[in-house]
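One structure is given here, and the rest of the page talks about it.
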Amino acid sequence: MRAFLAIDLDAAVRDYAARAVVDVRRHVDALAPDAVCTWVRPAQLHLTVRFLGELGERDVVRVCEALRAPLPVPALDRKSTRLNSSHSQQSRM
């Protein structure tokens, strides 16, 4: 199974990001109308911090066990974030 580590976003940050995605999508659609893009639904927005690749079920269970307790991380400041794109063919916006 394809696995990754991600930070779940609270509702306010997810809403903010969802509005930014709408703006980016309009921009892409206007400049590259023939581009085939898969856009992430707002409910699925998250911050990927590490792609783990293909893992077997046993490894997925081990990673989940290791990360069961929430990790303390500082709050995100929306004012200091910038939207950036990845050029990988497998990237999704």
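Just a few scattered comments:
- Taken over the stretch 16-53, the residue count meeting the criterion of being among the aromatic types (Phe, Trp, Tyr) and either without any contact (Cβ under 8 Å) to a residue 60 or more places away in the chain or open to solvent by less than 60 Å² (accessible area, probe 1.4 Å) (or both) is 2.
- Residues (surrounded by 15 or more Cβ atoms within 10 Å (Cβ to Cβ) and touching a Lys or Arg at 6+ places or on another chain (Cβ under 9 Å)) located in the stretch 1-15: Val13
- Residue match in the stretch 54-73 (condition: assigned to a strand (DSSP E or B) and at pLDDT 90 or above): yes
- Only one of Ala12, Ala30 that is at pLDDT below 90, out of contact with any Phe, Trp or Tyr (no Cβ under 6 Å at 6 or more places or on another chain), farther than 28 Å from Met1 by Cα and not in a loop (DSSP other than H, G, I, E, B): Ala12
The values are calculated or read from the model by the stated rules, or taken from the named source; none is laboratory data. Quantities reported herein were computed from a predicted structural model and do not represent experimental measurements. Every residue, glycine as well, gets a Cβ built from its backbone with ideal geometry; the counts of neighbours run over all protein chains shown. For the accessible areas, the whole protein counts, side chains as well, though only heavy atoms, and no ligand, DNA or RNA atoms are used. Shrake-Rupley method; radii C 1.70, N 1.55, O 1.52, S 1.80 Å.
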